[in-house]
Amino acid sequence: MARILIAEDEPRIATFVESGLRAHGFSPMTVADGRSALDLATSGDFDLLLLDIGLPVLDGFTVLQRLREGHHRIPVIILTARSSVADTVSGLDAGADDYLAKPFHFEELLARVRLRLRPEGTSPLAALTCGGLRLDLRTRRAHIADRTIELSAREFTLAEAFLRNPGQVLSREQLLSQVWGYSFDPGSNVVDVYVRHLRRKIGPERISTLRGMGYRLEDVP
């Protein structure tokens, strides 16, 4: 299980990222200042660092600079509201492996995290399957037996969240953060609406509702 250090001083974003990563099988830990981020990133206990630029004590650029000066090669993905070309270039020149501007969708962050954690020479996962349902991650198409199921981009991302966690209960909050992003209204019923849409297309028996808890993908024969 990959350990991911999140250096983020905005509680709402930190909670969104941490809960999403944990739901996808990672082991995340959050710190809210640059000094703590630097100390932990150099400890050798983490596989990747998600680094905000506007941190107190030490800013993200300073943390990154000291990591690279000390020859610490932990992969670093910068997460920041600074989206200018100059800031992006500065971050990459300082040794960042990737740069993602806020606000962002969780699925994009997740894809970048998986890319940076992938061992060299390995290929990305091509498909996800559960029971008779198969998602082709390259063509972004869904299949049941020999039948192709047409899914919208959002329906596909929702289905992917379920297939990456088969048999696991996913709360509405987890699905909202993973599929729609932290900037979406947490009081919205959009998750329930899209689950209904997905059930119509892949079969209602494949997604169970657990009252007061959330939804679960079932392994239908």
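The values are calculated or read from the model by the stated rules, or taken from the named source; none is laboratory data. Since the structure is predicted, the reported quantities are computational estimates derived from the model, not experimental observations. Note that we place each Cβ from the backbone using ideal geometry, even for glycine, and neighbour counts take in every protein chain shown. For the accessible areas, the whole protein counts, side chains as well, though only heavy atoms, and no ligand, DNA or RNA atoms are used. Shrake-Rupley method; radii C 1.70, N 1.55, O 1.52, S 1.80 Å.
Across the stretch 135-144, computed HN-Hα scalar couplings (Karplus, 6.51 cos²θ - 1.76 cosθ + 1.60, θ = phi - 60°) run 10, 8, 6, 8, 8, 6, 10, 10, 9, 10 Hz from first to last residue, x flagging Gly and Pro. For trypsin sites (Lys or Arg not before Pro), the sites in the stretch 1-102 that DSSP calls loop and that have at most 11 other Cβ atoms within 10 Å are Arg73. Taking the 1.4 Å solvent-accessible surface of the chain as the whole, the part contributed by carbon and sulfur is 49%.
Normalised by the number of residues in the chain, the average gap of Cα pairs under 8 Å and 6 or more apart makes the relative contact order 16 percent. Checking every one of the trypsin sites (Lys or Arg not before Pro) in the stretch 97-179 against DSSP loop status and a limit of 10 other Cβ atoms within 10 Å picks out Arg138.
The length gained on full extension between Thr15 and Phe104, counted as 0.36 nm times the residue separation minus their Cα-Cα distance, comes to 30.6 nm. Shown in residue order for the stretch 53-63 are the 3J(HN,Hα) couplings computed by the Karplus curve 6.51 cos²θ - 1.76 cosθ + 1.60 at θ = phi - 60°: 7, x, 8, x, 6, 10, 6, x, 4, 5, 4 Hz (x for Gly and Pro).
Taken along its three principal axes, the alpha carbon spread of the chain comes to 54, 41, 32 Å, from the longest extent down to the shortest. In the chain, the DSSP-assigned H stretches of four residues or longer account for a calculated mean residue ellipticity at 222 nm of -10500 deg cm²/dmol, using -39500 (n - 2.57) per stretch and the full residue count as denominator. Working from label points 7 Å from Cα in the Cα-to-Cβ sense, the Ser27 to Glu69 distance is 3.1 nm.
The separation of the stretch 147-218 from the stretch 1-75, counted between C-alpha centres, amounts to 29 Å. Derived scalar couplings between HN and Hα for the stretch 22-31 equal 5, 5, 9, x, 8, 10, x, 9, 10, 10 Hz in order, rounded to whole Hz, by the Karplus curve 6.51 cos²θ - 1.76 cosθ + 1.60 (θ = phi - 60°), x for Gly and Pro. Computed over protein heavy atoms with a 1.4 Å probe, the accessible surface of the chain works out to 49 Å² per residue.
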